[in-house]
Every structure is written in C-alpha cells, then in structure tokens.
Amino acid sequence: MFVNDLIVIGGGAAGLMATIQAAESGLNVLLLEKGFKLGRKILISGGGRCNVTNNKYSSIRDFLINYPRGSKFLWGPLSRFSNADLINWFESKGLKLKTEEDGRVFPITDNSQSVLDVLVNAASKAQAHIEVNKNVCRIEKENDLFHIYLQNEESYLSVNVLIACGGMSYQVTGSSGDAYEWAKYFGHKVIQPKPSLMGYLSPAKWVHALKGLTLTEVDLQLFYAQSLNDFDSLNNKSCNQNNNHQSILIAKQKGALLFTHWGISGPGVFKITSLAAGTNYAEGIFILKINLLPNIKKEELREVLKEKWKASPKRKVINAIEGLIPARLEGYIVSSMLWNPEKTYGEISNAELDQLIQYITALQIPINGIRPSGEEIVTAGGIDLNEIDSKTMQSKIVSGLYFAGEVIDIDGFTGGFNLQASWSTGWVAGNSIQV
Ligand SMILES: Cc1cc2nc3c(=O)[nH]c(=O)nc-3n(C[C@H](O)[C@H](O)[C@H](O)COP(=O)(O)OP(=O)(O)OC[C@H]3O[C@@H](n4cnc5c(N)ncnc54)[C@H](O)[C@@H]3O)c2cc1C
C-alpha cells in the first residue's frame, strides 16, 4: 500500500493551511475530509464574509489578550506566523484583504468563497491530494506507520498524521468532536469541551420587547447568586430589599449588546460567555448588569441630570433621561420608576435620582441559560496543550502525530482570533513535518 508522508484529517482552516505548507515544502500530502466539500466553516465565518484575522494590535502580547484559553501556548505559533504574516501570505497568493475600522480583516470581495478558493487553488498547485467524503473513524500506529481507517474500513498509510478536525460547534459543518477519542486512545488528555461565544436566554419580557435594539459600547458584568434575594432589588421587583448581597462576579467585559426575541447577543455578550465557559446556568441565579454609560462617572451623571432638570423644572418626568440612552430603553427605565405621569422634573427626589442612576449604571438582565448547544461559535476545551510541542505542534506522547486548530484547547473572542489560531497552528505544523 502507498505510504504518504503526511495525512491531514480535516479540511478546515487549520488542515488546509498545513496541507499547503507541507505540500509546498515537497512532502507527499493527502488531505481527508469527511464532508462533501472543504472549508464549510470558513464559508459561514464572519456572516459569510470570513473575518480572517485582526489587525488592531501592534504586538503579539496585545493580540493574545483576546484568548481566554491557550494564550501562553499560542505565543510560539503566533511569533512564527502572525496576523501580519497571514495577511502577506494571502496577498502573495492573490487574495486582496481590507481592514475595517475595528481592526477586523476581510477579503475585499466580502465573500468567504474567495478565501476558500485561494486555499484550494494553493493546495492543488502544491500538488496535495485531496479527498472529500472520507469519514475517518480510527487511527492506529504500528511499526512507525499510522493506519487511518474510514467508516467503510478503507484504509491509508502515512508516516505522519495531522489531526485538524475542529471542535464541536456548528456540527453541520462537520466538526463533531470525532478526534477527542483518537487523542485519548494515543494517551492524550482532553480538556472537557464546552460551548463558547453564544447568546444568553432571558426570561424577562421587557428584554424580548426590545428586540433589534443594539447598545454599541457598554460595560457588562455577569453575577451569580444562590438565590434571587442575594441580588439588588432594583429592576427585579419580585425580590426582597436586602443590603446583605452575596452575589459573585463571574466575568466582566466591554462591548456591544443586541436585544433579541429570546434574550441578548452581540460581541460583548459573546465575550462574557467565553470568559464564563463551562458555567452551569441551571444551578443558581444569574444576572447580567449593564452600565449603559460607562464613560461617565456616577457623580458626573448626577450633575448632568440635575442640571437638565433645573433648566426645565416644569417638564414632565416622562422625559427625565431623554437623549441620554436609546429611546426604547429609556421608555423601559422611565416606566419602571412607576412615576405619576403628571410629576415634573422639579418634583424628582434625591432618592429617585439615585434609583435612576442605578438603573442606568447597573441595569439588570436575568439570565436563564445559553442558546441551544451547537449554535455556539467556538468550542472551549480540547486536546491538552501540555502534551503538544508549541514549536512544532507535534504530540509529546506519540512521534509523528500532530494537532492544529480548534481541536486543541485554544479559543478566542470574536474578531478573527479563532481563525488566526487555526492558521498559525496549521502553518507551524505544516512547516515542521519532515520525512
Ligand atoms: C457561525 C460561525 C462564524 C464564525 N466566524 C468566524 C470569524 O469570522 N472569524 C474567526 O476567526 N472565527 C470565526 N469562527 C470560528 C472559526 O470558524 C473556527 O474556529 C475555525 O474555522 C476552526 O477551524 P479548524 O480548521 O480548526 O476546524 P473546522 O473548520 O471545524 O474544520 C474541521 C474539519 O474537519 C472535518 N472532520 C471532522 N471530523 C472528521 C473525520 N472524522 N474525518 C474527516 N474529516 C473530519 C470537518 O468536516 C471539518 O471540515 C466562526 C465560527 C462559526 C460557527
């Protein structure tokens, strides 16, 4: 039977990058992909535009802030193949890219198909062999050779194997966690895979009613408590007044929030779910507190409101925070104050001012879970990094066995960071494998 220099399992970002690099360096490479086509996750990435990386940070150290797990390990692969290297790499292969204001990098076509086309063309130009509809179900190693078996018992031989099967998110794209069992078979530890980067469900009807509203840059803090009584009573009218709060801060971040008909979503919320990955939302009570005006100190806000009210003491309270926050949310807050609509600015008490400030700087959204499993953008957890050499991506347990991409225990925030981790680890693996 023909012996390949390298078999890559998985035709996503990591597998394709490794395939191209290894084939360009002269190796005989076979890529096995279980789906009917390559790069299905690349195609849906970035809303079909494929946010290939991020160009906002000038140093690797700053870039790595965007990885809640795996940043230390990723230092090595990123130092060898950074976001800047990736941009040059794509441009040298004929794909023009653009950087948007927030640092996210996309193909100028705004179409992920052009990213995939460049990868597939480069792999074919480097004479890599690609086979789709090949569902690998088992890998064994005997006499220094890997035997790779498909579900139909068809098999292949190779000196080296790269596992680039992705995590467990969006399983329709093929990533269904198959590789974790193979890694365990070879003695690797797998850190419990958990969903990351997804929306929160909220039972609050007022949240659903605000669907479509986006808050562009707010402060978000996720709190946990054993009972509702441990939270402030404000905007949570069913719980007791209780100053002896025992809520615990789980995660905090800045970012955008989008109201939906089931709860909340958006990049800021994704960051919170990423930092809190693995949390069991069925146990205890979870509340997301939002500071709607994070750039104004409470004292300044107090002065702004007092000045505004002093200037027109006869105006009705319904307009008390007009112009400060989005109108639809203003409506919710003002109605929560339960004011007599005939009341005027001049009649607002200090206690009511405090209450309003509390609403604006610590608006509480009850959380009762995350979106259904499979809808998360990325998987946190995966193959333990302690058992992989970051200089080569080779297993420290089995020689000739390599890993790259989302299958390993690295995950980042949204913004191009997850794809960059796949490109960098795939590039390093593809350039390290020799026969
Ligand atoms: C909706 C969505 C949008 C996203 N947008 C972005 C974005 O804009 N920017 C960003 O940086 N990240 C984004 N991500 C995350 C990013 O796409 C992934 O982290 C990245 O594509 C993972 O690449 P990978 O090569 O490791 O795995 P995958 O792309 O998942 O590829 C793994 C491949 O392995 C194959 N495979 C699995 N098991 C087997 C088997 N047994 N035999 C053979 N083949 C197998 C699969 O079919 C699949 O093709 C997004 C994710 C989602 C779900």
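The values are calculated or read from the model by the stated rules, or taken from the named source; none is laboratory data. Just so we're clear, the structure is a prediction, and the values are computed from it rather than from any experiment. Glycine gets a Cβ as well: all are built from the backbone with ideal geometry, and neighbour counts include every protein chain shown. Just the protein is used for accessible areas: all its heavy atoms, side chains included, with ligands, DNA and RNA removed. Shrake-Rupley method; radii C 1.70, N 1.55, O 1.52, S 1.80 Å.
If you scan region 402-435, which residues turn out to be among the charged types (D, E, K, R), more than 6 Å from the ligand (Cβ to nearest atom) and open to solvent by 10 Å² or more (accessible area, probe 1.4 Å)?
Here is the first cut: in region 402-435, the ones among the charged types (D, E, K, R) are 406, 409, 411.
Keeping just the survivors that are more than 6 Å from the ligand (Cβ to nearest atom) gives 409, 411.
Once the filter is applied, which keeps residues that are among the charged types (D, E, K, R), more than 6 Å from the ligand (Cβ to nearest atom) and open to solvent by 10 Å² or more (accessible area, probe 1.4 Å), region 402-435 yields only Asp409.
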Residue list for region 132-144, restricted to those being surrounded by fewer than 13 Cβ atoms within 10 Å (Cβ to Cβ) and touching a residue at least 24 places away in the same chain (Cβ under 8 Å): Asn133, Asp144
Pick from region 102-156, criterion of a type in the set (A, V, I, L, M), within 12 Å of the ligand (Cβ to nearest atom) and not in a helix (DSSP H, G or I), ranking: nearest to the chain's Cα centre (by Cα): Val105
Whichever residue in region 151-201 is in contact with a Cys (Cβ under 7 Å, 6 or more places away or on another chain) and not hydroxyl-bearing (Ser, Thr, Tyr) and, among such residues, is most open to solvent (accessible area, probe 1.4 Å): Gln151
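Scan region 365-410 residue by residue and report those that are closer than 30 Å to Pro267 by Cβ, in a loop (DSSP other than H, G, I, E, B) and small (Gly, Ala, Ser).
Ser373, Gly374, Ser390, Ala404
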Count of region 1-51 residues which are within 7 Å of the ligand (Cβ to nearest atom), on the phi < 0 side of the Ramachandran plot and surrounded by 18 or more Cβ atoms within 10 Å (Cβ to Cβ): 16
Wholly enclosed helices (runs of 4 or more DSSP H) of region 1-99 bearing at least 3 residues in contact (Cβ under 8 Å) with a residue 24 or more places away in the chain: 13-24, 40-44, 71-80, 83-92
Candidate set from region 212-226 (those that are loosely packed, with under 14 Cβ neighbours inside 10 Å and modelled with pLDDT of 95 or more); member that is nearest to Ile410 (Cα to Cα): Thr214
Subset of region 357-376 (residues that are within 16 Å of the ligand (Cβ to nearest atom) and surrounded by fewer than 20 Cβ atoms within 10 Å (Cβ to Cβ)): Arg371, Pro372, Ser373, Gly374, Glu375
Unique match (being without any contact (Cβ under 8 Å) to a residue 40 or more places away in the chain and either touching a strand residue (DSSP E or B) at 6+ places or on another chain (Cβ under 7 Å) or closer than 24 Å to Gly212 by Cβ (or both)) among Gly255, Gly263, Gly278, Gly268: Gly255
